[in-house]
Amino acid sequence: MGTHFQAIADDLRLQVESGALALGAQLPSEKKLASRYGVSTPTLRSALEVLQAEGVVEKFHGRGNYVRRPCERITYRGGGYFSTPRAAADAALQVSCEIQRVKASGPVSSLLRVRPGTLLTEYMYLSCRNDWPQSLARVYVPRDVAKPRVPQGNLSPWGDSVWNLLADAGVRALSTTERITARVPTTEEANTLRIPAKAPVLVVERASTDADGRVVEAAFLVLPGDRTEAVFSTRAQHGTPDGADSTPRRLPWDTAEGKPCFLSTAAEDSVLSRIADDVEAEQTDTATEVLAGAKTVLADPYAATYKLRFALTRVVESLGDVLRVAQSRGARLPVPDRLGQNDVGDKRDGTGAESLTGVVT
């Protein structure tokens, strides 16, 4: 067979590019093409397989080979979407989801770190554009993590809406690991995505864990390799060469001596950071209640002096909490060696601030 099949593939590709073979047109039968090029049928099929893998030609069993219309590029952007799951890219992209009960086995049990046979909920997402399959995503959640529910709203082709279901069940995914591999599709994947059996696919294996390191969700995203690109962006934060933010976070409590306390690590998901988040949330809720009560007192022209003093005292306390939250979370305080001007202590760095380091994340 030599390189004859490559020469045939080059010639057919050139005919498609020049318009001699129109988009959507059916190619002559394999027998006729083999006779035209003076090669055997297996050699001709090898040439067609090259074009099928490139997305130039599509084969329909029982019907023949057709010039494939160009498919729109698919861009998979990985990482960092827990707070805002990725919705469908545009109105033309339709995403459907089917749910079924399955038992863990093989790669699924390994990715979830559960025993084979463990009961899971499988969410199968299929995205299509103009009735043409674009991507296939299978997402798995152990039954003991969250009960199965039907995702609502504008679905993401990557199965991100499962994160919302987990959050509603009180399960918070804090980290995710994604691994991309290339392989040939299974028969089911090839039929679902309408791609040649030997055309490569990109597979994104995803595992999401909670604060205890438990895998609460695993997914296998399958995308046609002939039109998919994966993009991962990393933005370095200011502060240190390794990208960590060295600016400390002001914590919502003080030391025993009444001095401010700071968290000098940028680990947003550390245990201490999450506790601080909860305390700040309570303080801002309390401030809302205090503000409403103060407005009621001020609206009463006959309010007693002690009521006004009490309302003013509570407002001052809550305002201090809210200002600290805004200063810490909104604009982050300067590093300690620039805080001397605030005159809050007599430590060696001039701040009197307690710096918490080495917090386990």
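The values are calculated or read from the model by the stated rules, or taken from the named source; none is laboratory data. Since we're looking at a predicted model, the values are computed, not measured. All Cβ positions, glycine included, derive from the backbone under ideal geometry; neighbour counts span all protein chains shown. Keep in mind that these areas ignore ligands, DNA and RNA; they rest on the heavy atoms of the full protein, side chains included. Shrake-Rupley method; radii C 1.70, N 1.55, O 1.52, S 1.80 Å.
In plain terms, the chain from residue 256 to residue 303 could stretch by 13.2 nm, reckoned as 0.36 nm per residue minus the Cα-Cα distance.
Net charge of the neighbourhood of residue 207, taken over other residues with C-beta under 9 Å away and scored Lys/Arg +1, Asp/Glu -1, is 0. The modelled label-to-label distance for the pair residue 295/residue 66, using points 7 Å beyond Cα in the direction of Cβ, is 6.3 nm. For residue 50, the accessible surface of its heavy atoms amounts to roughly 30 Å² (probe 1.4 Å, protein chains only, rounded to the nearest 10). Site pair residue 143 and residue 210 shows an inter-label distance of 1.8 nm when each label is modelled 7 Å from Cα along Cα→Cβ. Heavy-atom accessible area, probed at 1.4 angstrom with all protein chains present, ranks 97, 261 as 97, 261, highest first. One chain, two ends: residue 26 and residue 317. Fully extended at 0.36 nm per residue, the span grows by 97.0 nm beyond their Cα-Cα distance.
Can you list the lysines whose alpha carbon sits under 17 Å from that of residue 59, skipping same-chain ones fewer than 8 residues off? List returned: 31, 32, 198.
Look at the alpha carbon pairs under 8 Å that are at least 6 residues apart: their mean separation over the length of the stretch 90-228 gives a relative contact order of 23 percent.
Annotation: extensible slack from residue 4 through residue 96 equals 28.8 nm (criterion: 0.36 nm per residue apart, minus Cα-Cα distance). Annotation: lysines with alpha-carbon distance below 24 angstrom to residue 295 (same-chain offsets under eight excluded): 307. 3J(HN,Hα) along the stretch 173-183: 7, 9, 8, 9, 10, 10, 10, 10, 10, 10, 7 Hz, from the Karplus curve 6.51 cos²θ - 1.76 cosθ + 1.60 with θ = phi - 60°, whole Hz, x for Gly and Pro.
Computed FRET efficiency, Cβ-Cβ of residue 279 and residue 73, R0 56 Å: what is it to the nearest 0.05? That gives a FRET efficiency of 0.75. Pair-distance distribution P(r) for the stretch 40-180, from all Cα-Cα distances in 5 Å bins starting at 0: 2, 8, 14, 17, 16, 12, 10, 9, 6, 3, 1, 0, 0 percent. For residue 148, the shell of other residues with beta-carbons less than 10 Å away shows a net charge of +3, using +1 for Lys and Arg and -1 for Asp and Glu.
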